[in-house]
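The values are calculated or read from the model by the stated rules, or taken from the named source; none is laboratory data. None of the values given here were measured: they were computed from a predicted structure. Neighbour counts run over all protein chains shown; Cβ positions are idealised from the backbone, glycine included. Quick note on the areas: whole protein, heavy atoms, side chains included, nothing else; ligands and nucleic acids left out. Shrake-Rupley method; radii C 1.70, N 1.55, O 1.52, S 1.80 Å.
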Amino acid sequence: MLTQLFYIGLSLVLIHVTVPLLYYFIILTYARKPWVIGPVNINEEELPTVSIIIPTYNEEGMIIGKLDNIVEQGYPLGKIQVIISDSSNDNTQAKVEEWLSNHRGVNLNYIKGPRLGKGHALNKALESALGSIIVTTDADSLWVKGSLLNAVKWLANEQVGLVSCIKTPRGGGLTEDAYRRLYNALRVGESKVHSSVVFHGELLAVKGSVIRSIGGFPTDIGADDSYTGVKVASMGLRAIIPRDVVCVEYVPSNGYGRWRIRRAQHLLQSFMKSIKLPKPSSYRPVYYTEAYIHLVNPWLLPIGAILLLASGNLWAYALVALGVVLLAWPSFRAWVTQQFILMYAMVRNLWTKELVWEKINK
Ligand code: GDD
Ligand code: MN
């Protein structure tokens with residue numbers, strides 16, 4: 001009985017470690033391969049019109065820098081419509097008006113509505129969006145110059161339905177940097193297989209016809225970005241994250257834990273909602289392995305460890321002790337922390353989906 005506990009516990013821990021390692025190894029191999037699809041070059045006169053939707057909740061500190069960053073992209077201003085979908089109770093509106101008085105040439109619509117969550121704000125803006133491409137972007141994020149044009153070029157490929165960005169963190173330290181490097185390479189590798197599973201509200205560019213055909217953005221879950229990408233991939237179009245579309249994201253200095261838990265909650269909501277969608281066969285291995293890694297795999301670690309301890313076996317104690325010692329290694333500690341965040345997020349989703357969240361200052 002006790003030896004059985006030992007072997008079951010050991011197997012769970014080994015599966016917990018091996019499945020992600022194997023998956024990452026395979027996807028990183030893909031990340032180094034060339035693309036089989038590519039962006040399409042477009043003459044300046046033929047560039048499509050783009051509606052850029054910025055949902056805002058109390059962004060008085062960020063909105064001016066955000067608008068400046070859009071006009072500095074180099075995309076022809078005559079082809080851009082900016083829509084600010086605001087539910088703030090601070091000075092965001094006044095800041096927008098002040099900026100607009102200095103940028104009369106910019107086509108900017110400001111709409112105000114009650115605070116019902118980000119998804120609602122995006123859909124409200126979608127009603128007045130005239131561009132053939134819809135881009136949604138968070139007020140507290142910036143784009144590396146040229147990213148908008150690059151996203152549009154990728155979307156000119158008829159196989160591509162949605163494009164999102166690589167993320168580079170500002171603030172957050174070395175562990176966050178190392179984690180993001182791996183994370184970005186995985187997103188690119190998945191995109192080269194077919195499509196990614198995680199997409200970023202910092203820049204989400206989607207064909208207007210595509211987003212309308214799926215009825216806009218979801219409002220019953222938090223990760224409107226990731227879910228929309230998976231939904232587009234499920235339709236058979238590619239939803240990709242290429243290397244030349246890059247966002248800068250500010251990492252909060254305080255409230256970091258709460259921020260990560262909420263984002264994990266939202267991502268899990270996206271997986272739960274998208275798991276039933278029929279998917280193209282080349283996308284299935286990526287999607288279901290990621291769903292497994294997020295929803296099931298975390299639990300194998302503590303269950304395995306408990307079974308090992310319960311077996312009373314000396315080797316088991318040694319193994320668990322080794323795990324504890326390894327926590328001194330930052331990458332391993334980051335991994336274990338993420339497992340506990342995912343488990344806690346899953347449990348927390350049972351009582352709150354956090355569709356409207358507290359603003360965390362960056
Ligand atoms: N109009 C409106 N109404 N805008 C909102 C609301 C709302 O209820 N809630 C948030 N926003 C705006 C914010 O002002 C910001 O521009 C954007 O939506 C993202 O919100 P943040 O507060 O900055 O959240 P984050 O940095 O953690 O966002 C990330 O995770 C979210 C999911 O948890 C991004 O990836 C988001 O795109 C993603 O939705
Ligand atoms: Mn943000």
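Brief remarks follow.
- Residue in the stretch 315-323 that is outside the structural domain of SER226 (by TED's automatic domain parsing), of a type in the set (Ser, Thr, Tyr) and within 14 Å of VAL13 (Cα to Cα) present: yes
- Tally of residues being assigned to a helix (DSSP H, G or I), within 14 Å of ligand 1 (Cβ to nearest atom) and among the hydroxyl-bearing types (Ser, Thr, Tyr) across the stretch 81-118: 1
- Members of the stretch 49-69 found to be closer than 30 Å to SER209 by Cα and either among the polar types (S, T, N, Q) or modelled with pLDDT under 95 (or both), listed by number: THR49, SER51, THR56, ASN69
- Scanning the stretch 266-281 for residues that are among the hydrophobic types (A, V, I, L, M, F, W, C) and within 12 Å of ligand 1 (Cβ to nearest atom) returns LEU267, LEU268.
- Of all residues making up the stretch 68-78, the number that are crowded, with 18+ Cβ neighbours inside 10 Å and within 12 Å of ASN107 (Cβ to Cβ): 1
- Annotation: of all residues in the stretch 329-354 being at pLDDT 95 or above and aliphatic (A, V, I, L, M), the one that is nearest to ligand 1 (Cβ to nearest atom) is ALA345.
- Restricting attention to the stretch 126-146, the residues that are surrounded by fewer than 21 Cβ atoms within 10 Å (Cβ to Cβ) and among the β-branched types (Val, Ile, Thr) add up to 1.
- Residue in the stretch 18-33 that is among the basic types (Lys, Arg) and outside any loop (DSSP other than H, G, I, E, B) present: yes
- Complete set of residues in the stretch 109-125 that are buried (at least 20 other Cβ atoms within 10 Å of the Cβ), among the hydrophobic types (A, V, I, L, M, F, W, C) and in contact with a helix residue (DSSP H, G or I) (Cβ under 9 Å, 6 or more places away or on another chain): LEU122
- Answer residue from the stretch 334-362, given it is of a type in the set (D, E, K, R) and out of contact with any helix residue (DSSP H, G or I) (no Cβ under 8 Å at 6 or more places or on another chain) and is least open to solvent (accessible area, probe 1.4 Å) among those: LYS359
- Every pair of residues 6+ apart whose Cβ atoms lie under 7 Å, when the first sits in the stretch 50-75 and is at positive phi while the second is within 8 Å of ligand 1 (Cβ to nearest atom) and of a type in the set (S, T, N, Q): ASN58/SER88
- Any hit, the stretch 312-324, residues being under 32 Å from the mean Cα position of the chain (by Cα) and open to solvent by 40 Å² or more (accessible area, probe 1.4 Å): yes
- Test: residue in the stretch 27-48 that is small (Gly, Ala, Ser) and either at pLDDT below 95 or over 30 Å from LYS362 (Cβ atoms) (or both): yes
- Within the stretch 256-281, residues that are under 16 Å from LYS359 (Cβ atoms) and open to solvent by 30 Å² or more (accessible area, probe 1.4 Å) have Cβ atoms under 7 Å from residues that are assigned to a helix (DSSP H, G or I) and hydroxyl-bearing (Ser, Thr, Tyr) in these pairs: ILE261/TYR344, counting only partners at least 6 apart in sequence or on another chain.
- Residue identified as basic (Lys, Arg), more than 15 Å from the chain's Cα centre (by Cα) and within 13 Å of ligand 1 (Cβ to nearest atom) among ARG284, ARG258, ARG263: ARG258
- Cross-chain or 6+ apart pairs with Cβ under 7 Å, the stretch 166-188 first and assigned by TED's automatic domain parsing to the domain that holds GLY229 and surrounded by 15 or more Cβ atoms within 10 Å (Cβ to Cβ), then assigned to a helix (DSSP H, G or I) and of a type in the set (Val, Ile, Thr): LEU186/ILE27
- Here GLN73 meets each of (1) under 30 Å from LEU319 (Cα atoms); (2) assigned by TED's automatic domain parsing to the domain that holds GLY131 with one exception, condition (1).
- Residues in the stretch 217-234 that are surrounded by fewer than 24 Cβ atoms within 10 Å (Cβ to Cβ) and under 14 Å from LEU116 (Cβ atoms): PRO218, THR219, ASP220.
- Summed over the stretch 238-255, the residues that are open to solvent by 40 Å² or more (accessible area, probe 1.4 Å) and modelled with pLDDT of 95 or more give a count of 2.
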